[in-house]
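The values are calculated or read from the model by the stated rules, or taken from the named source; none is laboratory data. Every value quoted in this text rests on a predicted model; they were computed, and no experiment measured them. Counting neighbours? That spans all protein chains shown, and the Cβs are built from the backbone with ideal geometry, glycine included. Surface accessibility is based on the protein's heavy atoms, side chains included, excluding ligands, DNA and RNA. Shrake-Rupley method; radii C 1.70, N 1.55, O 1.52, S 1.80 Å.
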Amino acid sequence: MDILFDRKSCRNYKSDDIPQDDLDYILHAGMSSPSAYNTRHWSFIVIKNKEIHKKIMQIHSASQMLANAPLAIVVCADLEKQYKNYWQQDCAASTENILLAATAKGYGSVWCGVAPIEDRVKGFRELLNIPENIMPFSLIVIGRSAEDKPAKQRWEPSKIKYEIWR
Ligand SMILES: Cc1cc2nc3c(=O)[nH]c(=O)nc-3n(C[C@H](O)[C@H](O)[C@H](O)COP(=O)(O)O)c2cc1C
């Protein structure tokens, strides 16, 4: 499971397309995460269109890495089907699975937050024709990395407590 430790946010991409097999693998991973009461109420908008990418970059100021990337995925929650308001946790688990699957296939990726930032949610709804019962949760940018950054070492024993908080 080295991919867990190899994953890192990538903010510089090559424009090479992602073959459909790899994209399906990555989306399958997004559908394979845990969800409260197994609701699996997520859906995914795959966006390759560069005109839409440009508009996303206007809505979401921290998504400029999309300029050269081939593809973005918006993870969405169905608010009517979700169980007891756990949609954020479910979509976060799905988002992380997508990042890990992209890493496993040798791609760079980055999670860009959408919900609960209201102007981003509104902007994504308008741009992507997302209805009110569907919540755009995250934007994931994926592609071949143009960076050569080493994986970060983040083992921090001081973060761990055993048995009780101390
Ligand atoms: C909820 C959330 C929102 C994020 N939003 C953005 C974003 O809008 N733009 C961006 O470049 N990175 C974003 N990130 C990525 C974080 O900046 C990154 O994960 C963090 O700096 C740790 O670096 P690493 O992913 O390389 O380990 C987001 C991460 C999370 C979990």
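Structure data summary
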read-out: Options ALA72, ALA92, ALA115; residue that is open to solvent by less than 50 Å² (accessible area, probe 1.4 Å), touching a residue at least 60 places away in the same chain (Cβ under 8 Å) and not hydroxyl-bearing (Ser, Thr, Tyr); value: ALA72
read-out: All positions within segment 95-121 that are in a helix (DSSP H, G or I), more than 11 Å from the ligand (Cβ to nearest atom) and under 25 Å from ASP16 (Cβ atoms); value: ASN97, ILE98, LEU100, ALA101, ALA102, ALA104
read-out: Residue match in segment 122-131 (condition: out of contact with any Asp or Glu (no Cβ under 6 Å at 6 or more places or on another chain), on the phi > 0 side of the Ramachandran plot and either in a strand (DSSP E or B) or of a type outside the set (D, E, K, R) (or both)); value: yes
read-out: Filtered residue count, segment 132-160, keeping only those that are of a type outside the set (A, V, I, L, M, F, W, C), closer than 30 Å to PHE5 by Cα and part of a loop (DSSP other than H, G, I, E, B); value: 9
read-out: Selected residue [modelled with pLDDT of 95 or more, out of contact with any His (no Cβ under 7 Å at 6 or more places or on another chain) and among the aliphatic types (A, V, I, L, M)] from ALA72, ALA67, ALA77; value: ALA67
read-out: ASN38 open to solvent by 80 Å² or more (accessible area, probe 1.4 Å), farther than 14 Å from ILE134 by Cα, away from the ligand (no atom under 16 Å from the Cβ) and without any contact (Cβ under 8 Å) to a residue 12 or more places away in the chain; value: yes
read-out: So ALA67, is it surrounded by fewer than 16 Cβ atoms within 10 Å (Cβ to Cβ) and within 10 Å of the ligand (Cβ to nearest atom); value: no
read-out: First in segment 49-60 and without any contact (Cβ under 8 Å) to a residue 40 or more places away in the chain, second anywhere and open to solvent by 50 Å² or more (accessible area, probe 1.4 Å) and of a type in the set (S, T, N, Q), Cβ under 9 Å, 6 or more apart; value: MET57/GLN64
read-out: Matching residues in segment 40-87 - criterion: being more than 25 Å from ASP22 (Cβ to Cβ) and part of a helix (DSSP H, G or I); value: LYS55, GLN58, ILE59, TRP87
read-out: Looking only at segment 138-166, and only at residues there that are more than 12 Å from the ligand (Cβ to nearest atom) and among the aliphatic types (A, V, I, L, M), the one that is most open to solvent (accessible area, probe 1.4 Å); value: ILE164
read-out: Qualifying position, being in contact with an Asp or Glu (Cβ under 9 Å, 6 or more places away or on another chain) and basic (Lys, Arg), among LYS84, LYS48; value: LYS48
